[in-house]
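Right, one structure below, let's go through it.
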Amino acid sequence: MQMFSMEKKNKQKFKKPRTLTYADALKEALTQEMARNKRVLAYGIGLPDHKAIFDTTNGLLEKFGPERVFDTPISEDAMTGFGVGAAMNGFIPVHHHIRVDFLLLAMNQLANIASTVSYGSSGKLGAPLVIRAVIGRGWGQGFQHSKSMQSVFAHIPGLKVVMPTTARDAKGLLISAMRDGNPVLVLEHRWLYWQTGEVPAESYEVPIGPGQILRKGKDITIVATSWMNVEAAQAADILARRGISVEIVDVRSLAPLDDTVIIRSVKKTGHCIVADLDWVDYGVSAEIATRVYEKCFGQLKAPVERIGFAHTPCPTVRS
């Protein structure tokens, strides 16, 4: 299933665009950057496993060897600390956390060490650690395997947080993260891995910070994160049949958050819905809504609406 096309339509006949799954785009980013830069390491629980973390790491061990691609013990805190130390000593570790829920076990490494290294050394040192973490719920998974918690991590100064939605951005943002020089958390929704999209073959960067317009409209702005962009697109199709034109803004970077695209869109439409794949209370949706009120108050025709999770653990049974 292809969600969005970022290419302009043209009546002339051109070569068929190159299409990859979200998972293959991530794997291509790792492969190309590891080939370009021998300081890049890939490690994590289950990384060389036959499931290859949703098919995003298969083939890396055979191509780059066990010194650069390796499995780890089940110790999130220690293994994140290893990555911080390696990053401070010239490497660019890409640590694969299969579930974001258990990244909480490494909060000391993230909030007290990795994110403060540059600040504490007046920029003389850095910790260019990249962490890939899976968010979202799958079949049979309960409240310990269903969180997103992007607002928790985006709240930490010095830690960058991105949430790519499209296959093109998955590749480009991961490459940007590996070249950024700061600790970057890449949050990947498990339902996106098999979505497809147009992805350039060459290595490229997608800037960390700005959002993008996935669908142009004039009546209402939906500001969405990650999988909620897919839900927003489905809602936009339904509303289009009722004569309502929806503009979708993909917030692919939470920290830093360049709200230029969001503000420009809301000033045009006068209506705003923020759809975030996380708890509504004290969340990303509240931050975005606040910025809209601060910068678009005079242009708003109605209050900002927020869509997200209820303030409760994820339900695991129908009752």
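The values are calculated or read from the model by the stated rules, or taken from the named source; none is laboratory data. All figures in this text were calculated on a predicted structure; none of them were measured in a lab. Counting neighbours? That spans all protein chains shown, and the Cβs are built from the backbone with ideal geometry, glycine included.
A few notes on this one:
- Check on Gly83, in the same structural domain as Arg132 (by TED's automatic domain parsing), assigned to a helix (DSSP H, G or I) and without any contact (Cβ under 8 Å) to a residue 60 or more places away in the chain: yes
- Single residue of region 152-182 satisfying the filter (of a type in the set (Ser, Thr, Tyr) and closer than 20 Å to Val230 by Cα) that is surrounded by the fewest Cβ atoms within 10 Å (Cβ to Cβ): Thr166
- Screening Val230, Val251 for residues that are among the β-branched types (Val, Ile, Thr) and either modelled with pLDDT under 95 or crowded, with 24+ Cβ neighbours inside 10 Å (or both) leaves exactly one candidate, Val251.
- Scope region 256-313; condition within 21 Å of the chain's Cα centre (by Cα) and acidic (Asp, Glu); matching residues: Asp258, Asp259, Asp276, Asp278, Asp281, Glu287
Each row is one residue, and each column tells you yes or no for (1) surrounded by 12 or more Cβ atoms within 10 Å (Cβ to Cβ); (2) at pLDDT below 95.
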| residue | (1), (2) |
| --- | --- |
| Asn10 | no, yes |
| Lys13 | no, yes |
| Lys16 | no, yes |
| Thr21 | yes, no |
| Leu26 | yes, no |
| Thr31 | yes, no |
| Pro48 | yes, yes |
| Asn58 | yes, yes |
| Glu67 | no, no |
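- Which listed residue is among the acidic types (Asp, Glu), under 19 Å from Ile131 (Cα atoms) and modelled with pLDDT of 95 or more, from Glu198, Glu205: Glu205
- Only residues that are closer than 14 Å to Thr165 by Cα and of a type in the set (A, V, I, L, M) were counted in region 178-202, giving 4.
- Qualifying residue in region 101-118 (condition: part of a loop (DSSP other than H, G, I, E, B), out of contact with any strand residue (DSSP E or B) (no Cβ under 8 Å at 6 or more places or on another chain), of a type outside the set (Lys, Arg) and loosely packed, with under 14 Cβ neighbours inside 10 Å): no
- For region 183-208, a tally of residues being under 22 Å from Gly158 (Cα atoms) and surrounded by 17 or more Cβ atoms within 10 Å (Cβ to Cβ) returns 8.
- Hey, Tyr282 in contact with a helix residue (DSSP H, G or I) (Cβ under 7 Å, 6 or more places away or on another chain), surrounded by fewer than 18 Cβ atoms within 10 Å (Cβ to Cβ) and either at pLDDT 95 or above or among the small types (Gly, Ala, Ser) (or both) or not: no
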